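Taking it in order: structure first as structure tokens, then the write-up.
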Amino acid sequence: MNQPALKQVQGFVTQNAIYIVLVVLIAGIALYDTNFLSFTTLRDILMQSSTRAIIALGAAFVLITGGTDLSSGRVVGLTAVISASMLQTQDYGRRFFPDLPDLPLLVPILIAILAGLLVGLINGIVVSRFSVPPFIATLGTMVMVYGINSLYFDMEPNQSQPIGGLRPDFNHLGTGYFGPSGPYSVPYIVVIAIAIAGLVWVVFNKTRLGKNMYAIGGNMQAAIVSGINVRWNLMIIYAIAGALYGLGGVLEAARTGGATNNYGNMYELDAIAACVVGGVSTSGGIGTVQGVLAGVLIFGVINYGLTFIGVSPYWQLIIKGLIIVAAVAFDIRKYLVKK
């Protein structure tokens, strides 16, 4: 192969590495068990990945600015508990709020999302106004949110019992679908995730906030000199991320039919890993919606596919870890080459 052709191949592989990895993973599992290539399997993977995709898109906002957010998983748990606690059936034996009347479905959902937005806004204020490194700021928030959620979850008469007996209309949000029952149905939760991804794409690519976000992550000092209000933009970005975590928590409660204060545990690491594997630079300033979605799908295929063919969960963790390290190493190598 001549030199120009070799460079073209290398460029293609570099630009599309994430999608090549996804295809190779699917092909490898399908070779082991052809039943993996079915609409039922695809539908299940998409359903399981939908909430993770929304959470990862929230994390992408922060990562592109050059920050990080360790609080996302605990925000998911908080918002799952808040929404579930207010959306139980009247005849359930252990209602979180025994005297609470049936609320319109949208009210508890909005309350939960606003709670997530508030946590994100606090993160943004601490990072932008007090110049606390994002890792430390969100680490502190992660611990505090878990404590607040645990206190709420332990309130009388619940006393730390798993929240169940959710209303059918709320459950339907996470498990319902368009079309006839079966493998060809389209779950509501997948449609919601696609709609959110579309909105995030618009923000990333067509709005002033998106342009400012990339500028801040690329070179914060240059962004300040160019007249960008970095503090204000960071507060908005962290608040949006918190709202997306909140929506992810609501949908996770609806999908699973319950909630506990431990919901969302380690989700922050999965979200960050999906972003990094999907091409969001750890140095900031680089990242795409389609890359994040591909990263989420890779981990969805690993979790579902390797379980499908009987691979031990411990081996799955090893494979995921290797993919994360390889992705970060590749990202750093590209950064050093550019310099």
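The values are calculated or read from the model by the stated rules, or taken from the named source; none is laboratory data. Just so you know, these numbers come straight off a predicted model, no measurement behind them. In this analysis, Cβ positions are derived from the backbone assuming ideal geometry, glycine residues included, and neighbour counts consider all displayed protein chains. When the accessible area is computed, the model is the full protein with side chains, heavy atoms only, and any ligands, DNA or RNA have been set aside. Shrake-Rupley method; radii C 1.70, N 1.55, O 1.52, S 1.80 Å.
Looking at the stretch 150-261, the pairs of alpha carbons with a distance over 15 Å make up 74% of the total. Can you bin the stretch 25-173 into rounded, prolate or oblate? Criterion: square roots of the alpha carbon gyration tensor eigenvalues sorted a ≥ b ≥ c, rounded for a/c under 1.5, prolate for a/b above b/c, oblate for the rest. Judged from the Cα gyration tensor, the stretch 25-173 comes out oblate (a/c at least 1.5, b/c at or above a/b).
A straight Cα-to-Cα reach below 17 Å connects Lys206 with none of the aspartates and glutamates, residues fewer than 8 places away in its own chain not being considered. Could you pull out the longest piece of the chain with no exposed loop chymotrypsin sites (Phe, Trp or Tyr not before Pro) in it, calling a site exposed if DSSP puts it outside H, G, I, E, B and it has at most 14 other Cβ atoms within 10 Å? Answer - 185-339. Backbone amide hydrogens, once placed in the peptide plane, bring Ala259 within less than 5 Å of Ile163, excluding anything fewer than 5 places away on its chain.
So what is the relative contact order of the chain, in percent, for Cα pairs below 8 Å that sit 6 or more residues apart? Once divided by the residue count of the chain, the mean separation gives 33 percent.
Taking all pairs of different Cα atoms in the stretch 89-239, averaging 1/r and flipping that mean, what Kirkwood radius in angstroms comes out?
By the Kirkwood definition, the hydrodynamic radius is 19.0 Å.
For the chain, with all protein chains in place and a probe radius of 1.4 Å, 68% of the accessible heavy-atom surface sits on carbon or sulfur. Ordered by solvent-accessible area of protein heavy atoms (1.4 Å probe), largest first, the residues Asp91, Asp69 come out as Asp91, Asp69.
Heavy-atom accessible surface of the stretch 1-107, averaged per residue, reaches 49 Å², computed with a 1.4 Å probe.
Taking Gly120, Gly242, Gly93 as the candidate residues, the one with maximal mean-square fluctuation in a Gaussian network model of the chain, Cα springs under 10 Å, is Gly93. Rounded, prolate or oblate: which fits the stretch 222-339 when a ≥ b ≥ c are the square roots of the eigenvalues of the alpha-carbon gyration tensor, with rounded for a/c under 1.5 and prolate only if a/b beats b/c? Note, shape of the stretch 222-339 comes out oblate.
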